[in-house]
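S.K.: One structure, pasted below without further comment.
The values are calculated or read from the model by the stated rules, or taken from the named source; none is laboratory data. Here the structure is a predicted model, which is why all the values come from computation and not from measurement. For neighbour counting, all protein chains shown are included, and Cβ atoms are generated from backbone atoms with ideal geometry for every residue, glycine included. Each accessible area value is taken on the protein alone, full model and side chains, heavy atoms only, with ligands, DNA and RNA left out. Shrake-Rupley method; radii C 1.70, N 1.55, O 1.52, S 1.80 Å.
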Amino acid sequence: MNCNNHRLSNIDECRIIEMRTVSHANGKLSVMENLATAPFSIRRVYYLYDLPAGTERGGHSHVVTHEIVIALNGSFDVVVDDGKRTKRVTLNRPDCGLLLPAGIWRTLDNFSSGSICLVLASEKYEESDYVRDYEDFKRLTADK
Ligand code: TYD
């Protein structure tokens, strides 16, 4: 397992990325482009929806996958954790994404009714890329 991203991860790198948005009288269009607005090549897109009230998602970190999380509809919070510090970020705009570099533990909660969480990922789905046990995460980030 490549543990370097966990040793180096820093919640200060979990920044908001503003998408280029084209506004017209007949609506808006927001764009995320590989290696331009997104600091990585997007290889996978998935989204969370039909989220029951009070549900919590995430609860893991990734070994190599970088992600951008966007509140396509409604709002929710993302709690990011680098093993040393945590912060809570509220997402409620479809033209802004939160960058989650590899090695960051994330938990998503506080979903508003009807919210949709779009995720752009740098890698295809691979279960071996997940760290799902918080004690394992703490071990991987212990050197900070
Ligand atoms: P998981 O990433 O744990 O969801 P979340 O972080 O949103 O709570 O994934 C939930 C389930 O879906 C898990 O069994 C793996 C599966 N899954 C895929 O098959 N492909 C994917 O691209 C993703 C993200 C998850």
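S.K.: Scan the range 107-136 for residues that are buried (at least 21 other Cβ atoms within 10 Å of the Cβ) and not aliphatic (A, V, I, L, M) and report the count.
M.R.: Number of matching residues: 2.
S.K.: Looking at the range 97-112, can you tell me whether even one residue there is of a type in the set (S, T, N, Q) and within 25 Å of LYS28 (Cα to Cα)?
M.R.: Keep residues of the range 97-112 that are of a type in the set (S, T, N, Q), which gives 107, 110, 112.
Add one more test, that the residue is within 25 Å of LYS28 (Cα to Cα), and what stays is 112.
So far as the range 97-112 goes, yes, one or more of its residues are of a type in the set (S, T, N, Q) and within 25 Å of LYS28 (Cα to Cα).
S.K.: Kindly evaluate ALA36 against the criterion of being modelled with pLDDT under 95, out of contact with any Gly (no Cβ under 8 Å at 6 or more places or on another chain), open to solvent by 80 Å² or more (accessible area, probe 1.4 Å) and away from the ligand (no atom under 11 Å from the Cβ).
M.R.: Details: modelled with pLDDT under 95: yes; out of contact with any Gly (no Cβ under 8 Å at 6 or more places or on another chain): yes; open to solvent by 80 Å² or more (accessible area, probe 1.4 Å): no; away from the ligand (no atom under 11 Å from the Cβ): yes.
Spelling it out, it is not the case that ALA36 is modelled with pLDDT under 95, out of contact with any Gly (no Cβ under 8 Å at 6 or more places or on another chain), open to solvent by 80 Å² or more (accessible area, probe 1.4 Å) and away from the ligand (no atom under 11 Å from the Cβ).
S.K.: Sticking with this one: Could you grab me the full set of residues in the range 66-94 that are farther than 30 Å from ASP143 by Cα and among the basic types (Lys, Arg)? So that I can check it myself, show each step before the final result.
M.R.: Let us first name the residues in the range 66-94 that are farther than 30 Å from ASP143 by Cα, namely 70-76, 91-94.
Result: ARG93, single match.
Here's the yes/no breakdown for (1) within 14 Å of the ligand (Cβ to nearest atom); (2) of a type in the set (Lys, Arg); (3) buried (at least 22 other Cβ atoms within 10 Å of the Cβ); (4) in a strand (DSSP E or B):
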position: THR55; (1), (2), (3), (4): yes, no, no, no
position: SER61; (1), (2), (3), (4): yes, no, yes, yes
position: VAL69; (1), (2), (3), (4): yes, no, yes, yes
position: VAL79; (1), (2), (3), (4): yes, no, no, yes
position: GLY83; (1), (2), (3), (4): no, no, yes, no
position: THR90; (1), (2), (3), (4): no, no, no, yes
position: ARG93; (1), (2), (3), (4): no, yes, no, no
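S.K.: If you go through the range 106-122 one residue at a time, how many are within 11 Å of the ligand (Cβ to nearest atom) and either over 21 Å from TYR49 (Cα atoms) or among the β-branched types (Val, Ile, Thr) (or both)?
M.R.: 2
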